[in-house]
Amino acid sequence: SFLDAYPDVQAELSLSDRYVDMLEEEIDIALRTGPAVETLPAPYRIGEVRRIVVASPDYLAARDEPRLPADISKHDVVHVVGRLTTPEWRFRAGRHERVVRLSPRLTVNEIEAALVAVRAGHGVTRVLSYQVADELAAGTLVRLLRDYEPAPLPVGLVAASSEPPSRVRAFLAHAIPLLSALPVVQAE
């Protein structure tokens, strides 16, 4: 819709799950998730997402559903590794945090690869809520351990410059209300 509203603007969209150096890679705006977003001015914050554990109904039909975070040790875990990930998941237990060390059955380096395995009934994985919103709504994946999920992660738009050029200000003015209204950034 931004390109429709501004027919003379050219845009490039780059999708990546890695943290990018916006200045080095000449990126005007980034969508970021996590603690760094908490320091953004309020208008740039667009919502929040949760880290959730999911499995397929077929997998759960063959295995007992985990009721407590410690039950994860009895399940086939599909773990996604990244630059800063360790084989553990953190859960909320009242006011405290509980760490569950993982012994993954399958380790992958991309969320989509983990979801392919989980959709096929090969275990449980942890993703961000927006990544499986449609599948949860359709019932093709099941959300597990909801009462133990960590606090939501803030989501926001980050401009590379504290005084962005007019094209960036126009995009922010256009995108913030649209993105803020998306159900996938309304963590429950």
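The values are calculated or read from the model by the stated rules, or taken from the named source; none is laboratory data. Please read these numbers as outputs of a predicted model, since none were measured by experiment. Here the Cβ is made from the backbone with ideal geometry for all residues, glycine too, and neighbour counts use every protein chain on show. Remember, those area values only see protein heavy atoms, side chains included, never the ligands or the DNA or RNA. Shrake-Rupley method; radii C 1.70, N 1.55, O 1.52, S 1.80 Å.
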>> Take the residues in segment 35-83 that are among the charged types (D, E, K, R) and closer than 30 Å to S180 by Cβ; name whichever of them is surrounded by the fewest Cβ atoms within 10 Å (Cβ to Cβ).
In response: R83
>> Would you confirm whether or not segment 58-71 contains a residue that is under 19 Å from R146 (Cα atoms), among the aromatic types (F, W, Y) and part of a helix (DSSP H, G or I)?
In response: yes
> When you scan segment 17-34, how many residues do you find that are open to solvent by less than 80 Å² (accessible area, probe 1.4 Å) and either closer than 15 Å to A160 by Cβ or of a type in the set (K, R) (or both)?
Replying inline: 9
>> Could you go through segment 85-96 and let me know if any residue there is touching a Lys or Arg at 6+ places or on another chain (Cβ under 8 Å), open to solvent by less than 70 Å² (accessible area, probe 1.4 Å) and outside any strand (DSSP E or B).
In response: yes
> Which ones in segment 136-160 are surrounded by fewer than 18 Cβ atoms within 10 Å (Cβ to Cβ) and charged (D, E, K, R)?
Replying inline: R143, R146, D147
>> Residues that are among the basic types (K, R) and in contact with a Gly (Cβ under 9 Å, 6 or more places away or on another chain): does segment 51-58 have at least one?
In response: no
> Restricting to segment 1-25, what's the tally of residues that are in contact (Cβ under 8 Å) with a residue 24 or more places away in the chain and within 14 Å of A159 (Cβ to Cβ)?
Replying inline: 2
>> Regarding segment 126-148, can at least one residue be identified that is more than 17 Å from P43 (Cβ to Cβ) and in contact with a Gly (Cβ under 8 Å, 6 or more places away or on another chain)?
In response: no
>> Being within 24 Å of R101 (Cβ to Cβ) and touching a residue at least 60 places away in the same chain (Cβ under 8 Å): is that true of P150 here?
In response: yes
> How many of the residues making up segment 149-188 are in contact with a Lys or Arg (Cβ under 7 Å, 6 or more places away or on another chain) and farther than 26 Å from V53 by Cβ?
Replying inline: 1
>> I'm trying to understand the selection: among the residues of segment 93-134, which are acidic (D, E) and touching a residue at least 60 places away in the same chain (Cβ under 8 Å)?
In response: E110
